[in-house]
Amino acid sequence: MNGPAHPPVRHRLIAAALATSLLTLPLPAQQESFQVRPGRELPAFALDNERRIDPEYDAWRSEALHDAAKPVLKQFFHDLAEGHDFASVTFAQDFQCSVLRPDLETVHNDGTIAVRRAAVIPAERYGLAELARLAQEFRAAVPADAALGTFVLKLVSVQLDAADRFRIRAYLHTHAAAPGLTLQWNVELETFWTVISTDQDLALSGVELIQYEEVLGPAGLLPDYAQQVFAATPDWSTQILTGTEAWTARVDKLFGRSFLGTQGLAVGDVDGDGRDDLYFCQQAGLPNRLWLSRDGGAAEEVSARMGVDFLDKTRSALIADFDNDGRQDLAISFGMDVALCWNTGDGRFETARVRGSGNDEIYSIAAADADGDGDLDLYACRYISGGLLSAVPSPYHDATNGAKNVFWRNEGAREFRVATDEVGLGHDNNRFSLAAVWEDLDDDGDADLYVVNDFGRNCLYLNEGGKFRNVAAERNAEDLSAGMGATIADADGDGDLDIYVTNMFSSAGRRIATQDDRFMQGGNQDLHQYFVRHARGNSLLLNDGNAHFTDATDQSGAATGLWGWGSLFFELDNDGLPDIYAPNGFLTNPEPDDL
């Protein structure tokens, strides 16, 4: 049984891209400046904070140029896709542009989804006089009755070429929806800029494609059926469809308030009718929900009737048979402990609490028969030692001051015993863990454990006769980064299991950390590489056999998953190859596509 049962949710203890001590990000332009009542003076700290809104206060000119260039670039692509005349964009007289839609070759077509990529980007460059023709060629791919979606534009580097010249590397993702089909663009490009008078007054002097991809598929390939399935649920719209902040200040803080939406869910057949049911955890003070699948795709909400409508602070849940009676039970993390809800088979659960060790909160749980005795054992990931605001990860890139994870051995007869140190899982057990996955990675017939850690390197515990040893360093599986989730499958079809790890992708972090002449100037250059890696994104680790791994992220294109959480290998198009579903996003400022 793999875990976690939900995409784990991470806490960013150090705001924005990398660390507040290293990087100050500008607030959105619409943010009002600090206001003081007439007759009062700003204290020194407030004046300092007010100045820090401007990235040039810390001499990060690249960030000021980013802020000025991004809306111009967005306008350029809106005009390009919608057939406008670029009247709102200022161009340099020496503007040069590559083709905007090169010749494409089909690299995948299963009859449902087609992927077309540019094998070669032509070297020819064209001036402003040719821009209208280039734009027309681009729009030829857009169905006439298509509605354009949101433009997601990530500016990942700003390079200063001269006092009045700079370039920006960017990723562009957008789509167009037409009756019966959806067209998606994934583009990497280099843009060139000229400073006209000030760093806020810019002219676009060049656009060059680096990579270009179109994905064509049916409309509604993965439609959202939530409203149809759950419409009959009481409080569906007022509790579940509202944002986290809508309830945070309305429930008793003694429950344990949640500001980041750290609740999980679990899927399994609770009532034994052959259809999967859903257990959904809400933030503290609101009842958890259990839905049973019914004919026609509807769901019946039965949490109160079955005795699992808990109000406790819940971060994770699993549905599995923990007592080998043939019925699916429910495991739920409550603070530092796990509640095991035993399925009685008559429409009720009996709940017992399995005590943890220490006082730190559990963030996710995973289950497997770790000792080969025929029943499921439990492993719990814990994050911060002493509470959310009590510990800053230290050192930031490879923190070893996190909470200790817990392993419970299933002793049978519904009894569990903490055995973390006894089985070797106490080694290197001081990290900021968010997710764990059980799988047989060395193909020896027993369950190994991969633990994903934020602010540092991951752990790979090989199962050696019921005892575990962390071999992540020697097997190239550490993936030192900002880990948040993992999924395991045979991605390359060679017969062994590979690992896809979701991490933080930060365009701001990539812009700042890669400036070798400014970021960590005079510091440890070996350390510098880890901060650059920290913002890269997701990773694909290919198993070369016997749990030895090669990082195949760059050649596979797996990195850019934006701000990743959990992920899942699954079969989408029935071609026999595992596909990846990777949720992303994070609490953000008012700018709608900030992260």
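Considering only region 170-179, I want to know if a residue exists there that is aliphatic (A, V, I, L, M) and more than 26 Å from His108 (Cβ to Cβ).
Taking region 170-179 as the starting set, the residues that turn out to be aliphatic (A, V, I, L, M) are 170, 172, 176-178.
Now narrow it down to the ones that are more than 26 Å from His108 (Cβ to Cβ): none.
Looking through region 170-179, none of the residues is aliphatic (A, V, I, L, M) and more than 26 Å from His108 (Cβ to Cβ).
Let's see how each residue does on (1) at pLDDT below 90; (2) open to solvent by 20 Å² or more (accessible area, probe 1.4 Å); (3) within 28 Å of the chain's Cα centre (by Cα):
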{"site": "Phe349", "(1), (2), (3)": "no, no, no"}
{"site": "Asp360", "(1), (2), (3)": "yes, yes, yes"}
{"site": "Gly386", "(1), (2), (3)": "yes, yes, yes"}
{"site": "Ser390", "(1), (2), (3)": "yes, yes, yes"}
{"site": "Phe407", "(1), (2), (3)": "no, no, yes"}
{"site": "Asn410", "(1), (2), (3)": "no, no, no"}
Exercise for the section: Could you please find all residues in region 457-490 being within 15 Å of the chain's Cα centre (by Cα) and of a type in the set (S, T, N, Q)? Expected result: Ser481, Thr487
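Starting from residues that are part of a strand (DSSP E or B) and touching an Asp or Glu at 6+ places or on another chain (Cβ under 8 Å), keep the ones in region 471-493 and report whichever is surrounded by the fewest Cβ atoms within 10 Å (Cβ to Cβ). Break it down stepwise before answering.
Residues of region 471-493 part of a strand (DSSP E or B): 481, 485-489.
Narrowing the set further to residues that are touching an Asp or Glu at 6+ places or on another chain (Cβ under 8 Å) leaves 488-489.
Numbers: Ile488: 22, Ala489: 18.
Among those residues, the one meeting the criterion is Ala489.
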Problem - Residue list for region 143-171, restricted to those being touching a residue at least 60 places away in the same chain (Cβ under 8 Å), open to solvent by less than 70 Å² (accessible area, probe 1.4 Å) and part of a strand (DSSP E or B) - result: Leu148, Val152, Leu153, Lys154, Leu155, Val156, Ser157, Val158, Phe166, Ile168, Ala170, Tyr171
Problem - Scan of region 457-470 for residues that are farther than 20 Å from Thr550 by Cβ and open to solvent by 10 Å² or more (accessible area, probe 1.4 Å), ordered by number - result: Glu464, Gly465, Gly466, Lys467, Phe468, Arg469
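From the list Asp454, Asp442, Asp446, which residue is touching a residue at least 60 places away in the same chain (Cβ under 8 Å) and touching a Lys or Arg at 6+ places or on another chain (Cβ under 6 Å)?
On the way: Asp442 fails: touching a Lys or Arg at 6+ places or on another chain (Cβ under 6 Å); Asp446 fails: touching a Lys or Arg at 6+ places or on another chain (Cβ under 6 Å).
Matching residue, one of Asp454, Asp442, Asp446: Asp454.
For every residue, the table says whether it meets (1) buried (at least 22 other Cβ atoms within 10 Å of the Cβ); (2) assigned to a loop (DSSP other than H, G, I, E, B).
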{"site": "Leu330", "(1), (2)": "yes, no"}
{"site": "Val338", "(1), (2)": "yes, no"}
{"site": "Cys341", "(1), (2)": "yes, no"}
{"site": "Gly345", "(1), (2)": "no, yes"}
{"site": "Arg353", "(1), (2)": "no, no"}
{"site": "Ser357", "(1), (2)": "no, yes"}
Problem - Residues within region 299-335 that are without any contact (Cβ under 8 Å) to a residue 40 or more places away in the chain and within 21 Å of Arg409 (Cβ to Cβ), tallied - result: 3
Exercise for the section: Identify all residues within region 84-108 that are within 19 Å of Leu153 (Cβ to Cβ) and in a loop (DSSP other than H, G, I, E, B); write none if there are none. Expected result: His84, Phe86, Ser88, Val89, Thr90, Ser98, Leu100, Arg101
Fill in the blank from the handout: Phe95 passes all but one of the listed conditions (1) modelled with pLDDT under 95; (2) open to solvent by less than 70 Å² (accessible area, probe 1.4 Å); (3) more than 31 Å from the chain's Cα centre (by Cα); the exception is number (1)
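If you check Asn538, Asn546, Asn503, which single one turns out to be in contact (Cβ under 8 Å) with a residue 24 or more places away in the chain and open to solvent by 10 Å² or more (accessible area, probe 1.4 Å)?
On the way: Asn538 fails: open to solvent by 10 Å² or more (accessible area, probe 1.4 Å); Asn503 fails: open to solvent by 10 Å² or more (accessible area, probe 1.4 Å).
Every option except Asn546 fails the conditions.
Checking the structure you have, find out if any residue of region 413-425 is in a strand (DSSP E or B), closer than 20 Å to Val471 by Cα and of a type in the set (Gly, Ala, Ser).
We begin by selecting, within region 413-425, every residue in a strand (DSSP E or B); these are 415-418.
Next cut, closer than 20 Å to Val471 by Cα only: none.
No, region 413-425 has no match at all.
Only one residue in Ala399, Ala366, Ala370 is in contact (Cβ under 8 Å) with a residue 24 or more places away in the chain and part of a strand (DSSP E or B), so which one is that? So that I can check it myself, show each step before the final result.
Values: Ala399 fails: part of a strand (DSSP E or B); Ala370 fails: part of a strand (DSSP E or B).
Just one listed residue meets the conditions, Ala366.
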Handout entry: Yes/no for Thr174 being in a strand (DSSP E or B) and either more than 30 Å from Arg511 (Cα to Cα) or among the hydroxyl-bearing types (Ser, Thr, Tyr) (or both)
Key = yes
Practice task
Only one of these is within 21 Å of the chain's Cα centre (by Cα), open to solvent by less than 40 Å² (accessible area, probe 1.4 Å) and more than 30 Å from Leu155 (Cβ to Cβ): Asp454, Asp448, Asp498. Name it.
Solution key: Asp498
Practice task
Being open to solvent by 20 Å² or more (accessible area, probe 1.4 Å) and in contact with a Ser or Thr (Cβ under 6 Å, 6 or more places away or on another chain) is the filter here, so list the residues in region 412-445 that pass it.
Solution key: Val418, Gly426, Asn430
Completion exercise
Residue hits (region 210-223; assigned to a strand (DSSP E or B), open to solvent by 20 Å² or more (accessible area, probe 1.4 Å) and not polar (S, T, N, Q)) are Ile210, Glu213, Val215, Leu216, Pro218
Exercise for the section: Filter region 293-314 down to the residues that are under 22 Å from Ala367 (Cβ atoms) and of a type outside the set (Gly, Ala, Ser), then identify the one that is modelled with the lowest pLDDT. Expected result: Lys313
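Could you list all residues from region 442-470 that are of a type outside the set (Phe, Trp, Tyr), outside any strand (DSSP E or B) and under 20 Å from Asn401 (Cα atoms)? Please lay out each step first, then the result.
At the first step, the residues of region 442-470 found to be of a type outside the set (Phe, Trp, Tyr) are 442-449, 451-454, 456-460, 462-467, 469-470.
After this cut, where a residue has to be outside any strand (DSSP E or B) as well, the list is 442-447, 457-458, 465-466.
Answer for region 442-470, where residues must be of a type outside the set (Phe, Trp, Tyr), outside any strand (DSSP E or B) and under 20 Å from Asn401 (Cα atoms): Arg457, Asn458.
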Problem - Enumeration of residues in region 549-587 that are at pLDDT below 85, under 23 Å from Leu265 (Cβ atoms), within 16 Å of the chain's Cα centre (by Cα) and open to solvent by 40 Å² or more (accessible area, probe 1.4 Å) - result: Asn584, Phe586, Leu587
Completion exercise
Gly358 passes all but one of the listed conditions (1) more than 21 Å from Trp438 (Cβ to Cβ); (2) touching a strand residue (DSSP E or B) at 6+ places or on another chain (Cβ under 7 Å); (3) touching a residue at least 24 places away in the same chain (Cβ under 8 Å); the exception is number (2)
Practice task
Say whether the condition of being over 24 Å from the mean Cα position of the chain (by Cα) and surrounded by fewer than 16 Cβ atoms within 10 Å (Cβ to Cβ) is met by at least one residue in region 184-196.
Solution key: yes
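Quick grid of which residues meet (1) aliphatic (A, V, I, L, M); (2) farther than 19 Å from Phe230 by Cβ; (3) buried (at least 22 other Cβ atoms within 10 Å of the Cβ); (4) modelled with pLDDT under 95:
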| position | (1), (2), (3), (4) |
| --- | --- |
| Leu278 | yes, no, no, no |
| Gly285 | no, yes, no, yes |
| Ser316 | no, yes, yes, yes |
| Asp325 | no, yes, no, no |
Completion exercise
Just one listed residue, out of Arg409, Arg348, Arg382, is among the basic types (Lys, Arg) and without any contact (Cβ under 8 Å) to a residue 40 or more places away in the chain, and it is Arg409
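The values are calculated or read from the model by the stated rules, or taken from the named source; none is laboratory data. Because the structure is predicted, anything quoted here is derived from the model rather than measured. Heads up, the Cβs are rebuilt from the backbone with ideal geometry, glycines too, and the neighbour counts pull from every protein chain shown. The accessibility values were calculated without ligands, DNA or RNA, using every heavy atom of the protein model including side chains. Shrake-Rupley method; radii C 1.70, N 1.55, O 1.52, S 1.80 Å.
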